[in-house]
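The next block holds one structure in the form of C-alpha cells; read it before the comments.
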Amino acid sequence: MTKIAIISQPEQSLLIDISGCSTYTEASHHLSSTLESSNQFCENKHVDLNLGDLVLDNNEVAQILSIISEAGIEPRQVFVQKNETKDILQKLGIAIASGEPAKLLSLETSAAESKNTKDVLVIADKNSDDAPNLLANQPVLYLRQTLRSGQAVSHGGHLVIIGDVNPGAEIMAKGDIIVWGALRGMAHAGVDGNIDAHISALKLAPIQLRIAHAIARAPDRSAGFSANAGPETARIVDGKIRIVSSAPE
Amino acid sequence: MSGRVIVVTSGKGGVGKTTASANIGVALASLGASVGLVDMDIGLRNLDILMGLENRVVYNLVDVVEEKCKLRQALVKDKRLPNLSLLPAAQTRDKSAVNVEQMEKLCKELKELFDFVIVDSPAGIEGGFQNAVAGADEAIVITTPEMSAVRDADRVIGLLEARKEDIGQYRLVINRIRPAMVKSNDMMSVEDVLEILSVKLLGVVPEDDEIIISTNKGEPIAGTENARAGQAYRNIARRIRGEEVPFIDLDSLNTTWLSKIVKIFNPVRV
C-alpha cells in the first residue's frame, strides 16, 4: 500500500495524499522524507493536501503543516474526512476542500489502462510490501557523462548513464542500471537486496557485476572476449548472475 | 605470530614502488613465507591490477578501517600462491579517508596474520606517505639511477631517519639500471647512487622489458623463471629473510650479441 503519493491534478496542481498512513507518526515520517526527495516537483504549483480519515490533534496538525511549509509549499486547500480534524483546521484558518480528492490509481490498474498512467506520479512508496512493485515505484537518476576511475554514483532508484563507465568507477543503484555506452567498471544493482534488478549496457565488459547479494567477476583471461557482443543484460537466474544479449532474436 | 611490516616508498612517482611491492611479495611467498600486500595508494589503486586480482576485489582497506567489514573479508587471496593475500586500496576515496592511528592499528592486526606485511606507499611525502609509514617496522626505499629520483629518495630517507624509534632499518633498491649505459657513462652507477645516499643496499634490479609484459598480464615477474628482473627480486626477498646473497654481476647483463649467445647456453647467469 502506498503511504504517500504526490498526484498530479488538473491545471498544473498537485495533491499530496497522505491518507495511506494510519497514524500521525507514520504520516510525519514519510511526509518529510518524500518532500525532501521530491520538492522540485512541487515548485510553482498549487498544492492540495489529502489527510483522508487521519485523526490528528492540534499539535499534530501544526506539525504536518510545518513540515509542508518547510519544503516551501503553501497548501491551497485540505481534503479531510474526520470532523475532529476538520474543526482544528478551520480554527487555524485553513481552507477545507469540498468534493472528492483525486485518487491514486493502483499500479495494476494503471498498467492496464495505460493512457491514464500519465496522470499518476508516484514519488515515494517507502516500506512497500508489494515486492513486484518495488522496481516500478522507484525514481530515476539520469546522467549524461562518462564516469572515470575513482568516480562513484549511488542512487536510491534506477540509474541511467549516457556515457561510459570506466574501470575504477563504481555505480550503485537500488533499482536497475542502464549504461548507454561501455560498462567497464563495477556496477551494483539492487543494492538493498532486490534480486529482480537488471544491469544493461551497450557494451558489457565490467570488472565486476553485483546484483543484490550476488557477485560475478570478469574472467581472468579476457582474451576470448568479443568486443562486438552488442548490448547485453545481466540478471539473476537461479541465484547466479547471468548475461544475455539484449538484441531481439 | 608477529610479522614484519615493511613499507615500500620512494618519494618520486613512477620509479617502480608498486612493481617492487608486488614482486617482493610474490618472491617472499614463493620462499614459503606468508605475505600480506597492502595497497596504501588510496584513490589511485594499482597493486590489484599488477597482481591480476582486480576482478576479485569486494571490500577494501577503507572498509576495514571504517569497520564496514572484517579484515579477513577484505583480504584477496592470490591466484597462484595461497600464502599471499592482498588488501586493496579504495578507488573512490582519497588519502584523507584514513589516519595514522587507524593505520597503526591495522598494521598490528596484519602482523598477527602474516610473516611479512608489504605496504605499498603512494608517491609524495604528504598524508598518504605518513599513513603508509605509520605502522612500519622497516622500509625499502626505491630509486632509479637518475638525479631527480635520487634527490627524492634522499628526502624520504631523511624523513625515515626522523622516525628511528619506529623504523628499525631502511634499505635501498636501485631499479631500472641499464648496465650498458652505466658502462658508457651515460647513467649513474650503483656506486654513484650509494655515494650520495650512503645507505645499505638491498638490491639492484636491471631494466627489463618483461616487466611491462608482466604488468599488463597481471602476473608479477618474480614468479617467472629466467627473467633477469625476476631473479633480482627473488634475491631481494632472500636478503629480506636474512640470507647472504651476492649481488647480480651487472656486466653479465650486457645485451651484446655475444652475451645473448652466451645466455642461450647459460641462461641462469643472472
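Taking region A:165-181 as the search range and keeping residues that are open to solvent by less than 10 Å² (accessible area, probe 1.4 Å) and under 19 Å from B:GLN91 (Cα atoms), which one is nearest to the other protein chains (Cβ to nearest Cβ)?
Ranking the qualifying residues of region A:165-181, first place goes to A:ALA169.
Just the residues that are open to solvent by 40 Å² or more (accessible area, probe 1.4 Å) and within 19 Å of the chain's Cα centre (by Cα), please, taken from region B:152-193.
Going residue by residue through region B:152-193, those that are open to solvent by 40 Å² or more (accessible area, probe 1.4 Å) are B:152, B:154-155, B:159, B:161-166, B:168-170, B:176, B:178, B:180-181, B:183-186, B:191-192.
Hits for region B:152-193 are B:ASP152, B:ASP154, B:ARG155, B:LEU159, B:GLY168, B:GLN169, B:TYR170, B:ARG176.
Quick test of your reading of the structure: B:VAL204 fulfils all but one of (1) more than 16 Å from the chain's Cα centre (by Cα); (2) surrounded by 17 or more Cβ atoms within 10 Å (Cβ to Cβ); (3) not in a helix (DSSP H, G or I). Name the failing condition by number.
In the conditions (1) more than 16 Å from the chain's Cα centre (by Cα); (2) surrounded by 17 or more Cβ atoms within 10 Å (Cβ to Cβ); (3) not in a helix (DSSP H, G or I), B:VAL204 misses (1) alone.
Identify all residues within region A:182-194 that are away from every other protein chain (no Cβ under 14 Å) and either on the phi > 0 side of the Ramachandran plot or under 17 Å from the mean Cα position of the chain (by Cα) (or both); write none if there are none. Let's see the steps before the verdict.
So the first thing to find is which residues in region A:182-194 are away from every other protein chain (no Cβ under 14 Å), and the list is A:182, A:189-190, A:192-194.
Answer for region A:182-194, where residues must be away from every other protein chain (no Cβ under 14 Å) and either on the phi > 0 side of the Ramachandran plot or under 17 Å from the mean Cα position of the chain (by Cα) (or both): A:ALA189, A:GLY190, A:ASP192, A:GLY193, A:ASN194.
Pull out all pairs, ordered by first then second residue, where Cβ-Cβ is under 9 Å, the residues are six or more apart or on different chains, the first lies in region A:145-159 and is more than 10 Å from chain B (Cβ to nearest Cβ), and the second is open to solvent by 60 Å² or more (accessible area, probe 1.4 Å) and β-branched (Val, Ile, Thr).
A:HIS155/A:VAL140; A:GLY157/A:VAL140; A:HIS158/A:VAL140; A:HIS158/A:ILE178; A:LEU159/A:VAL140; A:LEU159/A:ILE178
How many of the residues making up region B:162-207 are over 13 Å from B:PRO145 (Cβ atoms), of a type in the set (Gly, Ala, Ser) and in contact (Cβ under 8 Å) with a residue 60 or more places away in the chain?
0
The values are calculated or read from the model by the stated rules, or taken from the named source; none is laboratory data. Being a predicted model, the structure only gives us computed values, none of them experimental. We place every Cβ from the backbone using ideal geometry, glycine too, and count neighbours over all the protein chains shown. Quick note on the areas: whole protein, heavy atoms, side chains included, nothing else; ligands and nucleic acids left out. Shrake-Rupley method; radii C 1.70, N 1.55, O 1.52, S 1.80 Å.
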